[in-house]
Amino acid sequence: MRLRYPTNIKIIKVPCSGRVAIIHMLKALEEGADGVIVAGCLEGDCHYQSGNLRAKKRVIYVQEVLEKIGMEAERVAMYNLSAGDGPRFAEIAREMTEKVKELGPSPIKNAKKLASKKSKVEVAA
Amino acid sequence: MNTTTPSKLEKILAEGHFAVTSECGPPRGVNGEVVEEKANLIKDHVDAINVTDNQTSVVRLCSLAACIRIKQMGLEPVLQMVTRDRNRIGIQSDILGAASFGIDNILCLTGDHQHFGDHPQAINVFDLDSTQLIQTVKLMRDEGQLLGGFEMKERPNMFIGAAANPFADPFEIRVARLAKKVAAGCQFIQTQCIYNMEKFKTWMQQVRDQGLHEKVAILAGLTPMKNVGMAKYMKNRVPGIDVPDEIIERLAAVPKEKQADEGIKICIEQIEELKEEEGIRGFHIMAIEWEEKVPEIVEMAGLYPRPTVEISAN
Amino acid sequence: MIMARPKPIEEIIDEIKDFNKVLIAGCDGCVTVCEAGGVKEVQVLASALRLYFTKENKRMEIDETSLTRQCDKDYLHELLDKIDDYDAIVSLACGAGVQFMAEMYRKKPIFPGVDTCFIGVTEERGVWAERCQACGQCILASTGGICPISRCSKRMLNGPCGGSEKGKCEISPDTDCGWHLIYERLKELGQLDFFAEPTDPKDWVSSRDGGPRKIVREDVRL
Ligand code: SF4
Ligand code: SF4
């Protein structure tokens with residue numbers, strides 16, 4: 001079965017969503033990601049008991065940080081789906097892409113572009 | 001019975017009368033006449049008037065100033081003092097000041113936490129606790145010493161009281177707490193307001209088992225209920241107060257406009273019942289913002305007229 | 001251990017917004033245990049700050065480091081070589097560490113990155129609670145090993161006040177009554193006689209009330 005999901009998504013595999021730390025989400029945003037999805041197993045289905053619940057708390061933490069620094073909290077989201085549910089994943093990916101499109105590109109990406117342009121100009125001068 | 005201080009309250013207790021005390025809360029402002037008005041409402045019906053010290057941690061006109069006013073009316077004040085707001089320097093200083101105005105009674109309290117009051121942001125002091133405050137007054141009076149060791153020429157000659165709450169937890173430790181206060185030098189006790197008679201009597205039995213009733217004069221604390229709302233509030237919201245359901249049901253059973261009368265009636269019945277309880281030496285009637293009802297309660301409870309005692313000038 | 005909690009990021013942004021190069025310095029001691037100022041927290045804070053300043057188009061370099069202990073000169077020395085690369089330091093150590101850093105690097109503005117709260121324990125992951133107020137004259141021997149100074153809201157020394165109800169303190173149903181705990185423990189230990197005698201007023205000279213405190217021990221001095 002081949003599923004179509006937006007190609008602008010970069011997937012990073014981890015053994016359990018509980019492995020995703022706050023810093024990983026922040027780093028992704030720092031690198032210029034427009035949004036971050038943490039996809040964990042359904043609640044109650046965690047192989048390591050509570051990995052997905054802890055991931056959820058960390059996602060909430062990052063959302064709060066984003067709000068405090070004036071970025072949209074929705075750029076980070078937690079989804080729960082069962083491991084083999086490819087169609088659901090594709091749906092989530094599309095949903096998030098839509099949401100991020102609505103929000104517009106990450107302000108970090110823009111600022112970075114601007115900064116590198118500036119430094120180029122500086123070099124040229 | 002011998003008395004140790006010029007206190008009229010002590011004298012009345014020593015002569016074997018039931019003592020009656022009440023209290024008046026000073027205003028949240030500068031109008032000291034409010035204190036005088038309240039005192040005037042009750043002066044013929046009580047032996048001494050407590051003045052609360054920023055009760056429930058709400059800033060009010062100070063207890064000492066209000067006590068001085070009451071003293072200057074020719075009445076008998078009981079200076080309530082909490083250890084929450086002053087350290088031992090301020091406390092001893094206030095005791096000396098009070099004594100200089102002939103204030104002969106002090107009630108030693110720790111005080112409610114400031115969390116409840118109008119300044120929850122305040123730092124608290126609690127340099128001493130209530131038991132240590134008792135020790136301090138006793139040291140000043142009996143040894144003529146300050147806590148720091150300074151020997152005074154003249155001593156504050158005060159009748160020392162404290163509070164006891166038979167209804168707080170752990171119940172098993174409540175008599176031991178009282179014993180400690182007595183050992184520290186406490187001479188009279190005003191209890192937390194009593195609604196749960198059964199529990200109170202269990203406590204009194206333990207008090208008697210230890211012979212404490214012979215060492216300290218216990219005045220039973222009573223607060224008449226104005227209505228069923230107040231009863232519920234006291235039950236649910238005020239820590240350390242035990243209001244049994246019977247009281248609430250009894251108040252709820254009468255129409256709203258009769259609830260105040262019912263509250264007074266309950267109070268009077270309690271006094272009658274407690275008069276029979278061995279070791280009860282008097283009553284402390286705390287009619288909160290309802291001072292005008294005190295005379296009625298005292299009269300109906302057969303505690304009027306108040307005895308007159310000879311006070312030797314000292 | 002000394003327990004702290006991360007300062008709100010807005011506050012830190014406000015502390016450093018006028019600089020261009022800032023070092024975030026964690027401490028591997030107590031603040032790591034209470035997850036407020038260790039390596040992990042340094043990373044998160046630095047990253048969030050970079051996000052913020054990048055988004056604001058403000059030139060700001062944020063670097064990260066963590067020292068074994070900031071309350072120790074030897075470890076603070078490790079910054080000697082690089083300290084001048086920075087306009088300011090945000091220290092995630094407890095208040096003592098922040099100050100010691102400031103004492104050593106007198107010309108650098110040093111800002112606190114955590115709120116230092118109390119001496120306490122990890123009751124469970126994510127829950128820290130106070131146990132000691134460093135009164136300098138420990139009385140645990142007579143109170144069943146439970147400290148009335150830190151665990152009674154009125155630091156009473158002669159037993160529970162009249163507000164103790166069902167094991168809880170009058171200030172809140174979420175707070176245990178310290179004296180209830182003491183009573184239960186003394187009973188279990190068969191030491192209730194400790195409770196019988198009034199405890200005299202405490203000498204607070206050894207506590208904060210005696211001014212800034214210092215321990216000098218000739219037996220350990222070099
Ligand atoms: S008695 Fe003093 S030193 Fe001992 S635990 Fe309590 S505050 Fe700390
Ligand atoms: S309820 Fe207990 S912990 Fe709270 S102030 Fe009273 S004695 Fe202390």
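Which order do the peptides A:58-66, A:80-88 come out in when sorted by mean C-beta neighbours inside 10 angstrom, highest first?
Values: A:58-66: 19.3, A:80-88: 13.4.
So the peptides A:58-66, A:80-88, ranked by packing, come out A:58-66, A:80-88.
Working note: Debye formula, equal point scatterers on the alpha-carbon atoms of segment C:110-169, no solvent; log10 I(q)/I(0) at q = 0.13, 0.28 Å⁻¹ is -0.45, -1.25. Taking Cα atoms only, the orientation of helix B:259-275 departs from the longest principal axis of chain B by about 60 degrees.
Kindly work out what percent of the DSSP beta bridges joining two residues of segment C:2-118 are antiparallel, to the nearest 5. Present the calculation step by step, with values, prior to reporting the outcome.
Details: 4 of 18 bridges.
Just about 20 percent of them are antiparallel.
Within segment C:42-57, the residues that become at least 10 Å² less accessible when every protein chain is included than when their own chain is isolated (1.4 Å probe; DNA, RNA and ligands ignored) are C:Gln43, C:Val44, C:Ser47, C:Ala48, C:Arg50, C:Leu51, C:Tyr52, C:Thr54, C:Lys55, C:Asn57.
Give me the inter-chain shielding for A:22-28: mean count of other chain Cβ atoms within 10 Å, whole number please. Don't jump to the answer; show the numbers that get you there.
Details: counts 6, 10, 1, 2, 8, 5, 1.
Counting Cβ atoms of other protein chains within 10 Å of each residue's Cβ and averaging gives 5.
List the accessible area buried at the contact between C and B, summed over both sides and calculated with a 1.4 Å probe, in Å² to the nearest 100.
Values: alone 13700 and 14210 Å², together 25370 Å².
Protein heavy atoms only, the C-B interface buries about 2500 Å².
A protection proxy built from the mean count of other Cβ atoms within 10 Å ranks the segments C:144-151, C:57-64, most packed first, as C:144-151, C:57-64. Taking each of B:Lys232/B:Lys258; B:Lys8/B:Lys180; B:Lys138/B:Lys232; B:Lys8/B:Lys215 in turn, the alpha-carbon distance tops 28 angstrom for B:Lys138/B:Lys232.
For chain B, the longest principal axis of the Cα atoms and the long axis of helix B:197-209 meet at an angle of about 40 degrees. The C-alpha radius of gyration of the protein assembly as shown, expressed as a fraction of 2.2 N^0.38 Å, stands at 1.27.
Using the Kirkwood formula over every pair of different C-alpha atoms, what hydrodynamic radius in Å results for segment B:191-314?
15.6 Å
A cut-off of 5 Å between modelled amide H atoms, ignoring neighbours fewer than 5 places along the same chain, links B:Val78 with B:Ile49, B:Asn50, B:Val51. Across segment A:17-124, counting alpha-carbon atoms alone, Rg and Dmax equal 16.2, 58 Å. For segment C:149-187, heavy-atom accessible area (probe 1.4 Å) falls by no less than 50 Å² from the chain alone to the full protein assembly at C:Lys154, C:Arg155, C:Met156, C:Asn158, C:Pro160, C:Gly162, C:Glu165, C:Glu170, C:Ile171, C:Tyr183.
Provide a whole-number value for the mean count of partner chain Cβ atoms within 10 Å of the Cβ atoms in peptide B:134-146. Before the final figure, lay out the partial values.
Details: counts 2, 5, 2, 0, 0, 1, 0, 0, 0, 0, 0, 0, 0.
Per residue, the average neighbour count from other chains is 1.
Restricting segment C:68-121 to trypsin sites (Lys or Arg not before Pro) that sit in a DSSP loop and have at most 15 other Cβ atoms within 10 Å of their own Cβ leaves C:Lys82, C:Arg106, C:Lys107. Rounded to the nearest 10 degrees, the inclination of helix B:174-184 to the longest alpha-carbon principal axis of chain B is 30 degrees. Annotation: lysines with alpha-carbon distance below 20 angstrom to C:Lys82 (same-chain offsets under eight excluded): C:Lys21, C:Lys73, C:Lys107, C:Lys108.
Each residue of segment C:1-151 gets 112 Å³ once the volume of the Cα convex hull is shared out per residue. With an 8 Å Cα cut-off and a minimum separation of 6 or more residues, compute the relative contact order for segment C:2-118 in percent. Normalised by residue count, the contact order of segment C:2-118 is 36 percent.
Show me B:269-276, B:174-181, C:174-181 ranked by packing, highest mean number of other Cβ atoms within 10 Å first.
Values: B:269-276: 16.0, B:174-181: 23.0, C:174-181: 20.0.
Most protected by this proxy first, the peptides run B:174-181, C:174-181, B:269-276.
Please report the relative contact order for segment A:17-124, taking Cα pairs under 8 Å with a sequence separation of at least 6, and give it as a percent rounded to a whole number. RCO, segment A:17-124: 33 percent. Projecting the Cα positions of A:Ser82, A:Val62, A:Asn52 onto the charge dipole of segment A:17-124 (unit charges on Cβ atoms of Lys, Arg, Asp and Glu, taken about the Cα centre) puts A:Val62 furthest along the positive direction. Between segment B:27-78 and segment A:41-68, the alpha-carbon centres lie 59 Å apart.
What shape does chain B take by its C-alpha gyration tensor, where a ≥ b ≥ c are the square roots of the eigenvalues and a/c under 1.5 counts as rounded, a/b above b/c as prolate, and the rest as oblate? Don't skip to the end; give the middle numbers.
Working: a/c = 1.39, a/b = 1.35, b/c = 1.03.
Here chain B falls in the rounded category.
Dividing the mean sequence gap of close Cα pairs (under 8 Å, 6+ apart) by how many residues segment C:134-206 holds gives a relative contact order of 33 percent. The GluC sites (Glu not before Pro) of segment C:91-127 include none that meets both conditions, a loop assignment by DSSP and at most 13 other Cβ atoms within 10 Å of the site Cβ.
In deg cm²/dmol, rounded to 500, what helix-only [θ] at 222 nm does chain A give when every DSSP H run of at least 4 residues adds -39500 (n - 2.57) and the total is split over its residues? Spell out each step's value before the answer.
Details: 4 runs with 63 residues, N = 125.
Taking each H run of at least 4 residues, the total per residue is -16500 deg cm²/dmol.
Enter the per residue convex hull volume of segment C:114-222, computed from alpha-carbon coordinates, in Å³ rounded to the nearest integer.
For segment C:114-222, the hull spanned by Cα atoms encloses 183 Å³ per residue.
Peptide B:165-174 is shielded by partner chain Cβ atoms: per residue, an average of 6 of them sit within 10 Å of its Cβ. Rounded to the nearest Å, what's the spacing between the alpha carbon centres of segment C:15-33 and segment B:252-299? Just the number, please. Their Cα centres are 64 Å away from one another.
The values are calculated or read from the model by the stated rules, or taken from the named source; none is laboratory data. Every value quoted in this text rests on a predicted model; they were computed, and no experiment measured them. With ideal geometry, Cβ positions are generated from the backbone for all residues, glycine too; neighbour counts draw on all protein chains shown. Accessible surface areas use protein heavy atoms only, side chains included; no ligands, DNA or RNA. Shrake-Rupley method; radii C 1.70, N 1.55, O 1.52, S 1.80 Å.
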